[in-house]
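Presented below is the structure to which this report refers.
The values are calculated or read from the model by the stated rules, or taken from the named source; none is laboratory data. These figures come from a predicted structure and were not determined experimentally. Cβ placement follows ideal geometry from the backbone for every residue including glycine, while neighbour counts extend to all protein chains displayed.
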Amino acid sequence: MLTESGLAYDREWMVVREDTGKFISQREKGLLALVQVSLPVEALSAAQWGAARLPPDAALTVTAPGMAAPLKVPLARRPDSEAKKVTVWEWTGTATDEGADAAAWFSTYLGLPCRLVRYLGSSSNSSGGSSSSALPIVRSSDPEFAVNYEVRFSDGYPMLLATQAALADLNAKLAEPLPMNRFRPNIEVAGASPWAEDTWRDMDVACAADGRTVRLTSVKPCSRCKVTTINQATGEAGDEPLDTLGEFRTGKVLGWNAKQKPWTHAVFFGWNVVSRTPGLLSVGDVLTPVSQQQPADMVPAP
């Protein structure tokens, strides 16, 4: 289910340091790559969208190697959830704490005191929990390229789109091919030409499940970081794909840095996308580009 702030429940939870509330990611704890999560199917369907329609025992199930038992995090928000000050990148605000059991589970797994928190925000599934703090509960996407879009705990935008053709082209240049999970896109597109997504602006997705048409808009090429070098099956870091991408996918090589000087040495794979139209996305839905753009001409939003 697609909402304005991204796919339902995606990036809605975050592990933070107990003392500072600062987010913890794979950049510093590669073991997070081995954490597996699952949701009940009804939590992702249009018919069940909204906490009131979920079964009372619906939960996010979390597992990880070496942990004796899975962690169950109720999807229904508890009215008595405690507020916690948290920080992700430049944003400091209020989230709801998921309690002692979740904190103990992640603290044991990662080997440091931490808490599991949940995004509060303004989306339709954010009822429950409360805060008297003056800190914000809504986090906005990077206003340089997407004004007035809400984002949960992802780096800067609600969604990431990548194409199988781009990955195939990259893999042809690597000694050992990599799976798409190195880039962790929300939306994976098949059938395009390599790097065709660099020119897509608006895209329509025909949602077979509910008959709607979802409009996606690419707002910024995604600059890649250390997380892409972490093997998602082992949690270990290497040098690829950043070394190879640096040979042909930097802003300087692509000519994208004329109006965006910080892009000169940035390495790009995939595109950050936003949407204001809800819909139930399914594997096999048809995506049609309907307008184009030139990344070299991109300037920050007014």
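For segment 204-259, give me each residue that is within 28 Å of GLN26 (Cα to Cα) and among the hydroxyl-bearing types (Ser, Thr, Tyr).
Matches in segment 204-259: THR217, SER218, SER223, THR228, THR229, THR234, THR244, THR250.
State which residue is surrounded by the fewest Cβ atoms within 10 Å (Cβ to Cβ) when the search covers only segment 208-252 and only residues that are closer than 23 Å to LEU34 by Cα and among the basic types (Lys, Arg). Walk me through how you get there before you give the answer.
First, the residues of segment 208-252 that are closer than 23 Å to LEU34 by Cα: 224-242.
Next, only the ones that are among the basic types (Lys, Arg) stay: 224, 226.
Values: ARG224: 20, LYS226: 13.
Going through the qualifying residues, I end up with LYS226.
Going through segment 181-199 one residue at a time, which ones are under 20 Å from the mean Cα position of the chain (by Cα) and surrounded by 15 or more Cβ atoms within 10 Å (Cβ to Cβ)?
Within segment 181-199, ARG182, PHE183, ARG184, PRO185, ASN186, ILE187, GLU188, VAL189, GLU197, ASP198 meet the criteria.
Run down ALA33, ALA83, ALA95, ALA69 and say which single residue is crowded, with 16+ Cβ neighbours inside 10 Å and free of Cβ contacts under 8 Å to residues at least 60 places away in the same chain.
So the residue among ALA33, ALA83, ALA95, ALA69 that is crowded, with 16+ Cβ neighbours inside 10 Å and free of Cβ contacts under 8 Å to residues at least 60 places away in the same chain is ALA83.
Suppose we keep only residues that are among the aliphatic types (A, V, I, L, M) and assigned to a loop (DSSP other than H, G, I, E, B) within segment 230-260. Which one would you say is modelled with the lowest pLDDT?
By that ranking, first place goes to ALA258.
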